[in-house]
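Have a look at the structure below, then the notes.
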Amino acid sequence: MADSTFQKLSISTSPAGRAIAQPMDSALVELLYQHVTIERNASAQYFAISIWFAERDLNGFSKFFKQESFDELEHASNFANYLVARGQTVVLQDLIAPKQKWNSIEEVIADSFQMEADVTTSIHQLYAVAERSSDTRTTVFLDPVIESQTKSEDNFAHILSRVKFADNQPSAILILDGEFSPQN
């Protein structure tokens, strides 16, 4: 009954029958699927990093990266929710196995910084395609995401600078680890 009402009113619907206010460009939808995968891969990678630090009894770093893993999964969920709100079917793509071996803490943090930079690049690509297709809804959705992502990059750049300065000195690394530990 509802589908026939929509058809009488000329309201577009999704394959699932959900009303659509503005169709989305197929290239933008594909990039959004890819971005959900990037966020899910980042979550898996940060979880692997959390375990790596836990295995070395650096519990502050481990806790920080476990929270980063949860945050990235929440970001993926937010993008999936946005796709649903826009009447799209969410297509989950395969994840890649996370890296689990590093030679140093600096390498771990450098990889993390690069991953954040890659997420930022993906978001900027989404924004550019949304602008080209005059999809203001998506650019408005992405505005706070870009601001948050810029802060994440800055945070990882700061952590990388501190780890580089510590120069793999055990006492300095323990101090940094303590900064990530909860205060009692």
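The values are calculated or read from the model by the stated rules, or taken from the named source; none is laboratory data. This is a predicted model, so every value here is computed, not measured. Positions of Cβ are backbone-derived with ideal geometry, glycine not excepted, and every protein chain shown enters the neighbour counts.
Screening the stretch 143-172 for residues that are surrounded by 12 or more Cβ atoms within 10 Å (Cβ to Cβ) and in contact with a Phe, Trp or Tyr (Cβ under 9 Å, 6 or more places away or on another chain) and picking the one that is modelled with the lowest pLDDT gives Ala172. Identify the single condition in (1) surrounded by fewer than 20 Cβ atoms within 10 Å (Cβ to Cβ); (2) of a type outside the set (Asp, Glu); (3) under 25 Å from Ile20 (Cβ atoms) that Arg56 does not satisfy, given that it satisfies every other one. Only one criterion in (1) surrounded by fewer than 20 Cβ atoms within 10 Å (Cβ to Cβ); (2) of a type outside the set (Asp, Glu); (3) under 25 Å from Ile20 (Cβ atoms) is unmet by Arg56, namely (3). Those residues that are among the polar types (S, T, N, Q), part of a helix (DSSP H, G or I) and either touching a residue at least 60 places away in the same chain (Cβ under 8 Å) or within 18 Å of Asp167 (Cβ to Cβ) (or both), I need them from the stretch 100-117; list them, please. Answer for the stretch 100-117, where residues must be among the polar types (S, T, N, Q), part of a helix (DSSP H, G or I) and either touching a residue at least 60 places away in the same chain (Cβ under 8 Å) or within 18 Å of Asp167 (Cβ to Cβ) (or both): just Ser112. Selection over the stretch 25-42 of residues that are surrounded by fewer than 20 Cβ atoms within 10 Å (Cβ to Cβ) and either free of Cβ contacts under 8 Å to residues at least 60 places away in the same chain or at positive phi (or both) gives a count of 4.
For (1) over 23 Å from Glu179 (Cβ atoms); (2) touching a residue at least 60 places away in the same chain (Cβ under 8 Å); (3) loosely packed, with under 15 Cβ neighbours inside 10 Å, each residue gets a yes or a no:
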{"residue": "Ser62", "(1), (2), (3)": "no, no, no"}
{"residue": "Ala76", "(1), (2), (3)": "yes, no, no"}
{"residue": "Pro98", "(1), (2), (3)": "yes, no, no"}
{"residue": "Thr121", "(1), (2), (3)": "yes, no, yes"}
{"residue": "Thr136", "(1), (2), (3)": "yes, no, yes"}
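The residue list Val140, Val108, Val84, Val90 contains one member that is in contact with a helix residue (DSSP H, G or I) (Cβ under 8 Å, 6 or more places away or on another chain) and surrounded by fewer than 18 Cβ atoms within 10 Å (Cβ to Cβ), which is Val90. Go through Phe47, Phe61 for me and flag whichever is over 30 Å from Pro23 (Cβ atoms), touching a Leu at 6+ places or on another chain (Cβ under 8 Å) and either assigned to a helix (DSSP H, G or I) or not hydroxyl-bearing (Ser, Thr, Tyr) (or both). Going through Phe47, Phe61 in turn, just one is over 30 Å from Pro23 (Cβ atoms), touching a Leu at 6+ places or on another chain (Cβ under 8 Å) and either assigned to a helix (DSSP H, G or I) or not hydroxyl-bearing (Ser, Thr, Tyr) (or both): Phe61.
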